[in-house]
Amino acid sequence: MIQTKAKLIKNIEVAPGYYKICLSCAIITRTAQPGQFLEVKVSAAAEPLLRRPFSIHRLNNATVEILFEVLGAGTKLLAEKKAGQYLDIIGPLGNGFDYRVQGAGCRVHLLVAGGMGVAPLFPLAEKIKSHQVTKSQGHKVLVLIGAKTKKQILCENEFKKLGCSVKIATDDGSVGFNGRVTDLLKKILLANQRTSEPANQIYACGPGPMLKEVAAVAKKYNIPAQVSLEEHMACGIGACLGCVVNTQDGLKRVCKEGPVFDAKEIVWG
């Protein structure tokens, strides 16, 4: 864990209300992994008092990117930051995804994103792809992206540029599958039972109800699943105990023992 000042390289609005910030911070990128996060101080003033947690969205040598939606005063201030300014950040924090799981036995990686859940899954897809090039061949990355409407679909083209297969689900049917992304997941897994290409590993990030359903589906089809929980974090370093979740081994802190957990470890309410 490192606290440092990172120079803001660019801050762009990628969709209405959604922004991507690129920071120059080699000291963070040297050790950061997909699924970890940063705690960002959005203002030098007394308010907002608490830092804001953001998933690491991309790692490029000396730069790190975060993707966020403007939802309140903190993210509004962050959206107004300009290139050349410096942000006080702490990271990398938490435990990320294990993209090397199952080694050569894992041929199909299925990434399931709900809304802003695409943020930590994009660097995961990059890592899986780069790991395949150097370690093994014949792997496939299938990305399922869900949102309420097509205007809220993020990173579709970016995943495709990596060579991932991408399928979209929208609650209103404005694009792709008409329904929840978990319903699309069920449809795909049912179809894959009849083929020689079943999913070997599921990775998911999104709202709690979505992750609960993903865990249930993974259990039904006996597929290992890793889930990145979206909990409210106050300190981000495990001190305040404000983000605990119930697990098979008792209460655990999402910011410290997570945010990525084995889906079977969580006691879903």
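Throughout, read-outs are computed from the coordinates displayed, never taken from laboratory work. For clarity, every value in this text was computed on a predicted model and none was experimentally measured. Glycine also receives a Cβ, built like all others from the backbone with ideal geometry; neighbour counts cover every protein chain displayed.
For LEU111, nonlocal amide neighbours, meaning residues 5 or more places apart or on other chains whose placed amide H falls under 5 Å from its own, are LEU142, VAL143, LEU144, TYR203. Think of the chain as a dipole: +1 on every Lys or Arg Cβ, -1 on every Asp or Glu Cβ, centred on the Cα centre; then among THR170, PHE54, LEU71, THR170 lies furthest on the positive end. Could you check what % of the DSSP bridge pairs in region 103-265 are antiparallel, to the nearest 5? So the antiparallel bridges amount to about 25 percent of the total. Take the chain and mark each of the GluC sites (Glu not before Pro) that is in a DSSP loop with at most 15 other Cβ atoms within 10 Å; the longest unmarked stretch, sites excluded, is 81-230.
Taking the charge dipole of the chain about its Cα centre, with +1 at Lys and Arg Cβ atoms and -1 at Asp and Glu Cβ atoms, the residue from THR182, PRO259, LEU229 reaching farthest to the positive side is THR182. The slack between ASN60 and HIS131, meaning 0.36 nm per residue of separation minus the straight C-alpha distance, is 24.0 nm.
Kirkwood hydrodynamic radius of region 29-80 from all distinct Cα pairs, in Å?
Final number for the Kirkwood radius of region 29-80 is 11.9 Å.
Each helix, a run of at least 4 DSSP H residues, gives -39500 (n - 2.57); summed and divided by the residues of the chain, these come to -6500 deg cm²/dmol at 222 nm.
Rg/Rh for region 1-119 to two decimals, with Rh computed the Kirkwood way over all alpha-carbon pairs.
Here the Rg-to-Rh quotient is 1.00.
Report the one residue of SER130, GLY242, GLY206 whose Cα lies farthest in the direction of the positive end of the charge dipole of the chain (charges on C-beta: Lys and Arg +1, Asp and Glu -1; origin at the Cα centre). About the Cα centre, the residue reaching furthest to the positive side is SER130. For region 193-269, applying the loop criterion from DSSP together with a ceiling of 15 other beta carbons within 10 Å to the trypsin sites (Lys or Arg not before Pro) yields ARG194. Counting neighbouring beta carbons within 10 Å and listing from fewest to most, the residues MET116, MET233 come out as MET116, MET233. Pick out which of ALA83, ALA15, ALA45 has the largest mean-square fluctuation in a Gaussian network model of the chain, springs linking Cα atoms closer than 10 Å. Result for the chain, Cα springs under 10 Å: ALA45 fluctuates most. Rounded to the nearest 20, the size of the Cβ-charge dipole of the chain about its Cα centre is 560 debye, with Lys and Arg at +1 and Asp and Glu at -1. For the chain, the longest principal axis of the Cα atoms and the long axis of helix 181-192 meet at an angle of about 30 degrees. Along region 32-38 the Karplus relation, 6.51 cos²θ - 1.76 cosθ + 1.60 evaluated at θ = phi - 60°, assigns HN-Hα couplings of 5, 10, x, x, 7, 9, 10 Hz to successive residues, with x for each Gly and Pro. Springs between Cα atoms under 10 Å define the GNM used for the chain, and in it the highest mean-square fluctuation of LYS150, LYS187, LYS41 occurs at LYS187. When the Gaussian network model of the chain links Cα atoms closer than 10 Å, the mean-square fluctuations of ALA119, ALA44, ALA234 top out at ALA44. Modelled spin-label separation between TYR86 and LYS220, with each label point placed 7 Å from Cα along the Cα-to-Cβ direction: 5.3 nm. Roughly what angle does helix 208-220 make with the longest principal axis of the chain, taking Cα atoms, 0 to 90 degrees, to the nearest 10? Orientation of helix 208-220: about 30 degrees from the principal axis.
Within a straight-line Cα-Cα reach of under 16 Å, LYS264 can be paired with the following lysines, leaving aside sequence neighbours fewer than 8 residues apart in one chain: LYS212, LYS219, LYS220, LYS252. Within a straight-line Cα-Cα reach of under 16 Å, LYS81 can be paired with the following lysines, leaving aside sequence neighbours fewer than 8 residues apart in one chain: LYS5, LYS7, LYS10, LYS20, LYS41.
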